[in-house]
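Worksheet: the structure to be examined is printed underneath.
Read the figures in this text as sums done on the coordinates, not as results from a lab. Everything numeric here is computed off the predicted structure, so don't read it as measured data. Because the Cβ atoms are built from the backbone with ideal geometry, glycine has one as well, and the counts that use them run over all protein chains shown.
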Amino acid sequence: MNEFVVFTLGDRKYALALSQVVEILTPGSVYPIPDSEPYVLGLTNIRGSILPVVDIRSFLSEPERQTNTKRHIWVRWGNEDIVIVVDRVEGIKRVSEDDLKQPPEDITNHKGLEEVFMSENDLVVVIDPLALVG
Amino acid sequence: MDDMNEYLPIFLQESYDYINLLNNNLVLLEQDPGNKEALAEVFRAAHTLKGMSATMGFQPLADASHALESALQMYRDSHQPVAESAIELGFKVLDYVERQVKRVEDGEVLEPFEQMPLDVQGESKEHSNPMENQPASTEFNLGVYEEEVVRTALEQGQKASIIRVVLEPGVLMKGVRAFMVFKAIEDNGFEAIGSEPDAESLEKEEFENEFKVLIVGNGDVNVLRDKILRIAEVSAVEVTEINANMSGKRSDSSQERENPIAEKTVAVQEEAANKTAIKQEKENSPEKITMEEQDQQKKATRNYIRVPEEHVESLMSAISELVLEKAELELAIRSGNQESLLSLFERINRSINVAQTEITALRMTPLSFVFERFPRMVRDLSRELGKQVRFIMEGGDTEIDRTIIDRLGDPLVHVLRNAIDHGIEKPEDRVKAGKDPTGTVKLRAYHEGNNVYIVVEDDGEGVDTSKVLSKAIEKGLVSQEQASYLSQEEIINFLFLPGFSTSTEISEISGRGVGLDVFKNTVEELGGSVQLKSVLGKGTTVIMRLPLTMAIISALLVKVQDLVFALPLSVVEEISNDVDAVKETPQGDVLLLRGELLPVYSLSKLLKLQGDNKNNHIIVIKNGQKKAALLVAETVGKQEIVIKPLKSRFVPRYVDGATLLGDGTISLVINISSLLEGYANVRG
């Protein structure tokens, strides 16, 4: 059984492996880093740990839009810790191996998009955030 | 013993320590073959290594360590200078040991230890038998090793004695008799730790008709004396006890004579041939192991942070103070008494300072940690290159932060290699130049203010700046007319440019500069700087300045467009608000400061910040030897900051880390040199 954290960005649903998620947070202040990549929003302080905040929207061709219910997800992949910004966290979803499918043709070549599964008639795309932006 | 794995990390660490120790003492012995301390040190280390390896079940390693002991044993016993060939063999065995320890570390199977070609021993025989024709005496020359063993034994309440055994004139199997004496010593609760002449000579019957054995143990010397006297063809035994103070050797024992009892057995002779095997067994006896354990305990702490108790105590009391002060603070806040709040703040501040100082001290490690492997490296390299090098190390006890130590090895190896490879000339060339055929490379470390300086100095051929300059012109780095304005120092700095220094031609013509840019970068990443001085024909000096610690630094906080940045105070020369002194020139803005013309950069432009910026302050920064003026909107003040490393691909290179300010704001710590490097053309 695979466990995922399902979240939304715009109108679409995405998921992260639960094992990669350290914490889901209400955003604190983000301090910009001059002369960094445009998708790097800045640095945030989570109880003394200073982490880069990354907007993965542009990699998913999601338009930027204002929502008030943003969340920060602290993601750990190997030694690298980043915080990604999402619109809304839906919750944790258990998916059986059989229900995990290859992504549709149009996104198979996109690195960082691992698999898809169906959840209440919505297609949920499993992402690997670091591969996505790296 | 499957739980041995638990000890593997300690075994590895200690083995490397001992290998370093052995290498360095062998190098010392090579320089001075009569150095008894170095020889004793080699013995001690080889012996401990043997014990450790055997305990861990790495027999080939134990065998090799034993071979190392054997190769040098006779010199220890005879107090003769160690033959060069024996040292050479020592190095070879040690290289084998190092390879095997590496294999242990990598989880590979050990290569069998093959006895090294011991032509060495053949040669060294010439030096042996020093005692052969010496008159009988109760004196026994204690080496450092013996002295130590004797002292330890006496401290543990054991007895130490010198036994002089006289055999009958014309005795046939002297070696067998000697062996039987040794056996009697071991059978009676003693251990033979040295003999005159040495064990090998005794075995080969290379002695007149008497010998002396130094013993320690718990047995009864009188019983032992009787036992020895009972050995066939022993005519006299004299026992001299060694006092605790070691100074006076009491000689109150009697000489006795007893009728020889004929008990010639052929079997004994065979046993004698196996004496080394028995000796080996003996070295695994309980007493020996306790000694090894003691040695190990002495060294084991190296694997961990060695923590002086007073630092912990002091840290503890600072924390207890803080706990009290916190409680008082709560009361003071409720009462709202401004005065007591202020005085409380002062006290808390003091406690934090103490805690900070102590915790920093705990992270300090002596530089000898990295220096230790250099003598051997320098020796090997100079041999390989046919150079004669005198290597001097100073200040290995200088302490620096652990995190810096760990990354210091490679840059230092690099600089030392350069000094030997490109600095020091071949002996014949040095003689031609009127110099001592042996060149000197000096590695020096010292502590000054908040910095540690490491200096590598050679008296080699130095850098030919004219050749460097023509190369720079050829590469288009500088125009012909600009070139004439450059100082020697500025010319030498070309060597630090990437690509420039790695070019093989330059290293041939100037004798310098392989990968100097890489070296410089590493030192700068550690928050330090590099300076290179050279005089053609006289030598080159490389000066590395490193911060004592990377965790906490003094920084100048500056503000640009509402963002606060931290500049390490070590790069800040001075601060001025005379922005009108900045003059525009076609090459960009410059600042004339006490006759010096400095390039001016605007921090907001360097950081590619958009929008209007009114710069009110000038910060003169020193980046290596280069000075520059940095324009900022505002200076916030000087502050001690705790740097949190920010190693992430999402963070630009100019960011050395981040720090949390008092109000929870994140401030970026700027690495000035990498900031200026990438934006050399952005002028303010």
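Assorted remarks:
- Pairwise FRET efficiency - residue A:79 versus residue B:486, Cβ, R0 = 41 Å, nearest 0.05: 0.40
- Here the gap between residue B:307 and residue B:390, fully extended at 0.36 nm per residue and compared with their Cα-Cα distance, gives a gain of 26.4 nm.
- Label point distance in nm, residue B:368-residue B:319, each placed 7 Å from Cα along Cα→Cβ: 3.0
- The region of chain A that goes longest without hitting one of the trypsin sites (Lys or Arg not before Pro) in a DSSP loop, each with at most 13 other Cβ atoms within 10 Å, is A:1-46.
- Averaged over the residues of peptide A:26-33, the number of Cβ atoms from other protein chains lying within 10 Å of each residue's Cβ is 4.
- In this calculation the C-beta distance from residue A:58 to residue B:243 is compared with R0 = 56 Å, giving a FRET efficiency of 0.05.
- Residue by residue along B:666-672, Cβ atoms of other protein chains within 10 Å of the local Cβ number 3 on average.
- Long-range HN-HN contacts of residue B:602 with modeled amide H, under 5 Å: B:631, B:684
- In nm, spacing of pseudo-spin labels at residue B:331 and residue B:474 (7 Å Cα→C-beta vector): 7.9
- For B:369, B:650, the sequence from fewest to most other C-beta atoms within 10 Å is B:369, B:650.
- Stretched out straight at 0.36 nm per residue, the stretch from residue B:518 to residue B:152 would grow longer than its current Cα-Cα span by 126.8 nm.
- Using the Cβ-Cβ distance between residue B:554 and residue B:222 with R0 set to 56 Å, the FRET efficiency from 1/(1 + (r/R0)^6) comes to roughly 0.20.
- Extension gain for residue B:347-residue B:525 works out to 60.5 nm (0.36 nm per residue, less the C-alpha to C-alpha distance).
- Shape call, chain A: gyration tensor on alpha carbons, a/c limit 1.5: prolate
- Taking trypsin sites (Lys or Arg not before Pro) across segment B:12-71, none is in a DSSP loop with at most 11 further Cβ atoms lying within 10 angstrom of its Cβ.
- With semi-axes defined as the square roots of five times the eigenvalues of the C-alpha gyration tensor, the equivalent ellipsoid of segment B:552-678 measures 24, 15, 15 Å, largest first.
- Couplings for segment A:46-61, taken from phi via the Karplus curve 6.51 cos²θ - 1.76 cosθ + 1.60 with θ = phi - 60°, read 10, 6, x, 8, 9, 10, x, 9, 10, 9, 8, 3, 5, 7, 9, 6 Hz in order; Gly and Pro are left as x.
- Cα gyration tensor, segment B:1-114 - rounded (a/c under 1.5), prolate or oblate: prolate
- For segment A:1-81, applying the loop criterion from DSSP together with a ceiling of 16 other beta carbons within 10 Å to the GluC sites (Glu not before Pro) yields A:64.
- Ascending count of other beta-carbon atoms within 10 Å, so fewest first, for B:145, B:16, B:485, B:7: B:485, B:7, B:16, B:145
- Relative exposure of B:458, A:99, judged by other C-beta atoms within 10 Å (fewest first): A:99, B:458
- Peptide B:604-611 is shielded by partner chain Cβ atoms: per residue, an average of 2 of them sit within 10 Å of its Cβ.
- J(HN,Hα) series, segment B:557-568, from Karplus relation 6.51 cos²θ - 1.76 cosθ + 1.60, nearest Hz, glycine and proline x: 8, 10, 10, 9, 6, 6, 9, 9, 10, 10, 10, x
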